[in-house]
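Asker: Quick one: the structure is below, and I'll ask about it shortly.
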4 protein chains.
Amino acid sequence: MNKETNYQQIIEQIHQSLLSSASLGEAANYIPELAKINADQMGVFVLDQHGQTYQTGDWQKPFSIQSIVKVLTLCLAYQKLDGQLWQRVGVEPSGTPFNSLGNLEFEQGVPRNPFSNAGALVICDVLMDLFSDPLAELLKLIRRCSDNPKIGTNPLIAASEKSKGYRNVALANLIKSLGNIKQDIDALLDFYFDCCSITLNCQDLAKLFAFLSHHGRCPQSGDQILNSSQAKRINAIMLTCGFYDEAGEFAYKVGLPGKSGVSGAIVALLPNEFVVTTWSPGLNKKGNSQRGLQFLEAFTTKTGKSIF
Amino acid sequence: MNKETNYQQIIEQIHQSLLSSASLGEAANYIPELAKINADQMGVFVLDQHGQTYQTGDWQKPFSIQSIVKVLTLCLAYQKLDGQLWQRVGVEPSGTPFNSLGNLEFEQGVPRNPFSNAGALVICDVLMDLFSDPLAELLKLIRRCSDNPKIGTNPLIAASEKSKGYRNVALANLIKSLGNIKQDIDALLDFYFDCCSITLNCQDLAKLFAFLSHHGRCPQSGDQILNSSQAKRINAIMLTCGFYDEAGEFAYKVGLPGKSGVSGAIVALLPNEFVVTTWSPGLNKKGNSQRGLQFLEAFTTKTGKSIF
Amino acid sequence: MNKETNYQQIIEQIHQSLLSSASLGEAANYIPELAKINADQMGVFVLDQHGQTYQTGDWQKPFSIQSIVKVLTLCLAYQKLDGQLWQRVGVEPSGTPFNSLGNLEFEQGVPRNPFSNAGALVICDVLMDLFSDPLAELLKLIRRCSDNPKIGTNPLIAASEKSKGYRNVALANLIKSLGNIKQDIDALLDFYFDCCSITLNCQDLAKLFAFLSHHGRCPQSGDQILNSSQAKRINAIMLTCGFYDEAGEFAYKVGLPGKSGVSGAIVALLPNEFVVTTWSPGLNKKGNSQRGLQFLEAFTTKTGKSIF
Amino acid sequence: MNKETNYQQIIEQIHQSLLSSASLGEAANYIPELAKINADQMGVFVLDQHGQTYQTGDWQKPFSIQSIVKVLTLCLAYQKLDGQLWQRVGVEPSGTPFNSLGNLEFEQGVPRNPFSNAGALVICDVLMDLFSDPLAELLKLIRRCSDNPKIGTNPLIAASEKSKGYRNVALANLIKSLGNIKQDIDALLDFYFDCCSITLNCQDLAKLFAFLSHHGRCPQSGDQILNSSQAKRINAIMLTCGFYDEAGEFAYKVGLPGKSGVSGAIVALLPNEFVVTTWSPGLNKKGNSQRGLQFLEAFTTKTGKSIF
């Protein structure tokens, strides 16, 4: 396999070719604040195992983290509870859209995985049980790992999502009725939407996820976030469940553990090699960034680097 | 990561400790011929990238390939049709047991992935369209790759499964009613059950799957079964869909692409490193070999080798 | 309620007005022999409690009984087993199309009601257990009640349905896999399709169902087919389950217990008052005769006679 | 049919025999205020077509109306909108429990019928659109028809249900997310729980429903609540959908249009003959009053009076 590893050249080439491609997708229109964002932006950042960085396009533009935060809330809970955590949420892909309620009734309130909205709500409930100020705890983790103390929430985004968050309110109440949420629902949803609104850029996000390609240890801060076995397991869950009902497609076409958010961001990583982040707000029908997916497919094809 | 790589010692240790562990599971009881097999057997075989082999226990005992054959029928169809194939079957995990019918009605007869029974039946239908003697074609592939010309079907097993195969008859007829099966159903089911009855041992199976850890090229015969990109994609589908509704659990605990069969066999592999096969007929509730799963979890933990 | 009770005049008026109405629906196209039939025919027959008859249009034209036979097979089984029968099949409406498989998996092979295809197959299985020649038994009942010894099956129709009966084969095999069918599936399906092919006309059908509006006693032959309580219960099941997933609509618009078949026939009745039959092959999207439904809605509106 | 019609004697006999029967069921335990009520009470009231009344047991004890109010809110909306109403809610039985969410996702937020909680919430939304004070409008109807101006809501019950109403909050939010609820959800739920808490006794309830056995005209007040055709249609919906997923069972065993509530009340009626109400707080597993069902089955058997 003599594939190119000149990351800078590769990401610039792919970036250029995508800018001229017609199909953009559309920014998430069910969240008013996200619908306002110009879909015609794209940033890319690669952080390799030696700390080298490669970047192109709008990699410094801030965006809200959205569902990508689910990986971090999961890590925070997993740190504390280890395997016990799986009594509250499963690790299986769901075969249904991210916000589906149907399965929950059959599964007695135990969401199939922590990256569905249902699963993420349960994880938030766990964190509110574990910490007196779970948002502060999460921000501490994020700021240390990304080495950017300025990262915080965006109240406008949080309020905008809450104003239209009927489906999440429905999920939280259904799970509560089935006994798997303990906290007050309003407080829980406030925390959940605050988490989703955390704002950063492609560089921050790449640094932030580096611990998952370094056996659980953050290379910037030196903090051991998870042990090696735990980090491997988070990667496995990202691979099987990280892209809603497009997880199989992403594994098939890209072949990296990763997670996407409706702001158009994607983070993916190859253990011991690199973290790559993309941001482009236009989404496909399944809610994943259209150009982000195209970029990553081209990136693993050109570099020949994937887990498979 | 200073993990042990003395495979022979590792597999013997794990094998010994599993023999003394109480919980065996039960051999598949819905197939009369399989129910007769003594569940208290276990074989292991490892084939590394340099052709070195490591083995222990009942690795020479023959068993029927069962659902593991679905990977090979898929490869045969993928060879010929490449991406076109995905018009007939998807690549997403299903979130339901391997023999479920419910989803098919909503999905208009296009099974979510080729490793559900529904998906495997569609792939068999495709092969009957492509080849005048698809079973001969499949056996040719299997014999060359495993370097064992004696491998063949077991008519007793095939007949036994057919005699109780109501669920598969139901699936085939449902898909036919939805327009995604073209062949005569009786002929299709005969072919399907013949495929499942193909009999080999742990060594054969490890050699047979080596092409998937060698970028599509069989190291024994030198045949290029798939191109590198295709091989990578088959591995991705094994990871997300290879263990029925325990795929997430397997990715989480073992972290290798793999496939199991109800005869108690499992094959798993790490690209560029090794293929490992286990056989132990006792199954857990989800239909996967209980000791096989335990072996593989211990194996990737002790060697520190997984894709994540 | 001073409504008209001059049945002859009423049925002629409605018949005339329907003939000029544009929308016909289409004859069942998934059964080749039924697809050939000219949809532009319509027959009506009313038999009142005193034996008076009223008829118009193509009431003498023969058609196959199709799903209406499910009422008669149910009566035959209910005669023998009374309440015991409900261990094999339920009495609840299903909320899904007549040939759906999805629910069966959750309900462990016990169909929700005897008028779904699944339920009718289980009833046929029961009859094959109870009688050495169940078809002869069924024909005896039909011939005596309709006072027409010439009624028989139509082998062409039966063969035509069997040739395309994939969905029913799927249902029978699924139920067998779940343990609620005992007979050989081929023999069962032959019996089932024979039943559906029984051929009669609007007059025969009205006479045949008169026992259900006479407390279980056939006014022609004097045979007590069911006791009064049983007859009442069959009527209740017709009302809640007789029109697939249009049962609520029929109860709401027509307000009579009844049963339809894909040949375009409908039978409906008002206890102690009348039986009315219609035949018009054009079906709506739910598989019920379009003109038949329109006729019956107009008929109960004009006569002011319904159970509600 | 020479059945007894001495209602007083019949209801006393059945009442006595039920008091000595062991199986009571349990009062609804998910609503704290209802769980407190002594399950060992039973009241019966019959109002015949000539205004004669028959009563026994605890017929004067007050209870909350609960789901029975869904018939009245439906009538209020149907009065104003007639057939237009069915764009917002269907008339088909659902085949699932009263508080299920699963179907709604497939049905795009249009509940299958107005007697599921989902359907009742949509009807409440319609009423809030139609009237500035819908609760006053509803109470006016109830007070006039039952001829009891003292009937009102019970704030304790309403608050108790609201405090545990997670499932209803989930339903309302899910429907809102699917576009079929227009009002503010908190206000809607307040109205909904107020409706359910309306408190009356067996006599009030029998008088209140008399208009449905009198072609839509209340015999006490003379008000024409619905026209004759509308009244008939409400009866049809009660028959097919009035008892959650036990509607078929009720039609089969009792054979009357009716509606139950989790307070243990049931109202049933035979057009042109009588209204019968029962109240006994012990519920069966499907949420219907156990003794109430037994009473009504015995009542229609002994009197020989049902719609079938």
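The values are calculated or read from the model by the stated rules, or taken from the named source; none is laboratory data. Small disclaimer: the values here were computed from a predicted structure and weren't measured. We place every Cβ from the backbone using ideal geometry, glycine too, and count neighbours over all the protein chains shown.
Asker: How about region D:16-52: which of its residues are loosely packed, with under 15 Cβ neighbours inside 10 Å and in a strand (DSSP E or B)?
Answerer: D:Glu26
Asker: Across region A:278-297, what is the number of residues that are among the aromatic types (Phe, Trp, Tyr) and within 16 Å of A:Leu34 (Cβ to Cβ)?
Answerer: Total meeting the criteria: 1.
Asker: D:Lys302 fails exactly one of the following numbered conditions: (1) in contact with a strand residue (DSSP E or B) (Cβ under 8 Å, 6 or more places away or on another chain); (2) over 25 Å from C:Gly258 (Cα atoms). What is the number of that condition?
Answerer: (1)
Asker: Could I ask something else about it? From the list C:Ala28, C:Ala77, exactly one residue is over 23 Å from C:Tyr166 (Cα atoms), more than 14 Å from chain D (Cβ to nearest Cβ) and touching a helix residue (DSSP H, G or I) at 6+ places or on another chain (Cβ under 6 Å). Which is it? Let's see the steps before the verdict.
Answerer: On the way: C:Ala28 fails: over 23 Å from C:Tyr166 (Cα atoms).
Being over 23 Å from C:Tyr166 (Cα atoms), more than 14 Å from chain D (Cβ to nearest Cβ) and touching a helix residue (DSSP H, G or I) at 6+ places or on another chain (Cβ under 6 Å) holds for just one of C:Ala28, C:Ala77, which is C:Ala77.
Asker: Given the criterion within 14 Å of chain D (Cβ to nearest Cβ) and farther than 30 Å from D:Asp245 by Cα, identify the matching residue among C:Gln60, C:Gln49, C:Gln9, C:Gln13. Working first, answer last.
Answerer: Values: C:Gln60 fails: within 14 Å of chain D (Cβ to nearest Cβ); C:Gln9 fails: within 14 Å of chain D (Cβ to nearest Cβ); C:Gln13 fails: within 14 Å of chain D (Cβ to nearest Cβ).
Going through C:Gln60, C:Gln49, C:Gln9, C:Gln13 in turn, the sole match is C:Gln49.
Asker: I've got another one for you. Collect the residues in region B:113-136 that are surrounded by 15 or more Cβ atoms within 10 Å (Cβ to Cβ) and either more than 17 Å from the chain's Cα centre (by Cα) or among the hydroxyl-bearing types (Ser, Thr, Tyr) (or both), keeping them in residue-number order.
Answerer: B:Ser116, B:Asp125, B:Val126, B:Leu127, B:Met128, B:Phe131, B:Pro134
Asker: With the structure loaded, tell me whether B:Ser221 is at the interface with another protein chain (Cβ under 10 Å from one of its Cβ atoms) and either over 29 Å from B:Ala28 (Cα atoms) or aromatic (Phe, Trp, Tyr) (or both) or whether it fails that test.
Answerer: no
Asker: A further question on this structure: Anything in region C:284-308 that is under 18 Å from C:Cys241 (Cα atoms) and among the hydrophobic types (A, V, I, L, M, F, W, C)? List them, or say none.
Answerer: C:Leu293, C:Leu296, C:Ile307, C:Phe308
Asker: Against the conditions (1) within 23 Å of D:Cys124 (Cα to Cα); (2) touching a Phe, Trp or Tyr at 6+ places or on another chain (Cβ under 7 Å), where does D:Asn201 fall short? Just the number, please.
Answerer: Evaluating D:Asn201 over (1) within 23 Å of D:Cys124 (Cα to Cα); (2) touching a Phe, Trp or Tyr at 6+ places or on another chain (Cβ under 7 Å) leaves (1) as the failure.
Asker: Find the residue count for region C:231-265, including only residues that are assigned to a helix (DSSP H, G or I), closer than 21 Å to C:Thr301 by Cβ and of a type outside the set (S, T, N, Q).
Answerer: The number of residues fulfilling the criteria is 10.
Asker: Scan region D:19-33 and tell me whether some residue there is modelled with pLDDT of 85 or more and within 20 Å of D:Cys196 (Cα to Cα). Quick ask: steps written out before the conclusion?
Answerer: As a first pass, look at region D:19-33 and keep what is modelled with pLDDT of 85 or more: D:19.
Remaining after also requiring within 20 Å of D:Cys196 (Cα to Cα): none.
No; the residues of region D:19-33 include none that is modelled with pLDDT of 85 or more and within 20 Å of D:Cys196 (Cα to Cα).
Asker: What pairs come out if I take residues in region B:42-63 that are closer than 24 Å to B:Pro155 by Cα and in contact (Cβ under 8 Å) with a residue 60 or more places away in the chain and pair them with residues that are surrounded by fewer than 20 Cβ atoms within 10 Å (Cβ to Cβ) and among the basic types (Lys, Arg) whose C-beta lies under 8 Å away, six or more apart or interchain?
Answerer: Short answer, once both residue conditions are applied: B:Gly43/B:Lys61.
Asker: Test D:Ser289 against the criterion of being touching a residue at least 12 places away in the same chain (Cβ under 8 Å), touching a helix residue (DSSP H, G or I) at 6+ places or on another chain (Cβ under 6 Å) and more than 13 Å from chain C (Cβ to nearest Cβ), and give yes or no.
Answerer: no
Asker: Scanning for something aromatic (Phe, Trp, Tyr) and under 13 Å from the mean Cα position of the chain (by Cα), does region D:188-202 turn up at least one residue?
Answerer: Looking through region D:188-202, none of the residues is aromatic (Phe, Trp, Tyr) and under 13 Å from the mean Cα position of the chain (by Cα).
Asker: Restricting the search to region A:266-283, which residues are assigned to a loop (DSSP other than H, G, I, E, B) and surrounded by fewer than 24 Cβ atoms within 10 Å (Cβ to Cβ)?
Answerer: Those that are assigned to a loop (DSSP other than H, G, I, E, B) and surrounded by fewer than 24 Cβ atoms within 10 Å (Cβ to Cβ): A:Pro271, A:Asn272, A:Glu273, A:Gly282.
Asker: Next question. Go through (1) under 17 Å from D:Ala120 (Cα atoms); (2) within 14 Å of chain C (Cβ to nearest Cβ) and name the single condition D:Leu270 misses.
Answerer: Going through the list (1) under 17 Å from D:Ala120 (Cα atoms); (2) within 14 Å of chain C (Cβ to nearest Cβ), D:Leu270 breaks only (1).
Asker: Which numbered condition trips up D:Asn103, out of (1) in contact (Cβ under 8 Å) with a residue 12 or more places away in the chain; (2) within 14 Å of chain A (Cβ to nearest Cβ)?
Answerer: The one condition D:Asn103 does not meet is (1).
Asker: Hey, another quick one. Any chance region D:170-180 includes a residue that's away from chain A (no Cβ under 14 Å) and closer than 28 Å to D:Pro257 by Cα?
Answerer: No, because not a single residue in region D:170-180 is away from chain A (no Cβ under 14 Å) and closer than 28 Å to D:Pro257 by Cα.
Asker: Restricting attention to region B:224-265, and to residues there that are more than 7 Å from chain A (Cβ to nearest Cβ), buried (at least 24 other Cβ atoms within 10 Å of the Cβ) and free of Cβ contacts under 8 Å to residues at least 60 places away in the same chain, which single residue is farthest from B:Ala118 (Cα to Cα)?
Answerer: This residue is B:Val254.
Asker: Counting only residues that are out of contact with any helix residue (DSSP H, G or I) (no Cβ under 8 Å at 6 or more places or on another chain) and either modelled with pLDDT of 95 or more or within 26 Å of A:Cys218 (Cα to Cα) (or both), how many does region A:106-146 have?
Answerer: The qualifying residues number 8.
Asker: Quick one: which of B:Asn154, B:Asn103 is at pLDDT 95 or above and not charged (D, E, K, R)?
Answerer: On the way: B:Asn103 fails: at pLDDT 95 or above.
The conditions single out B:Asn154.
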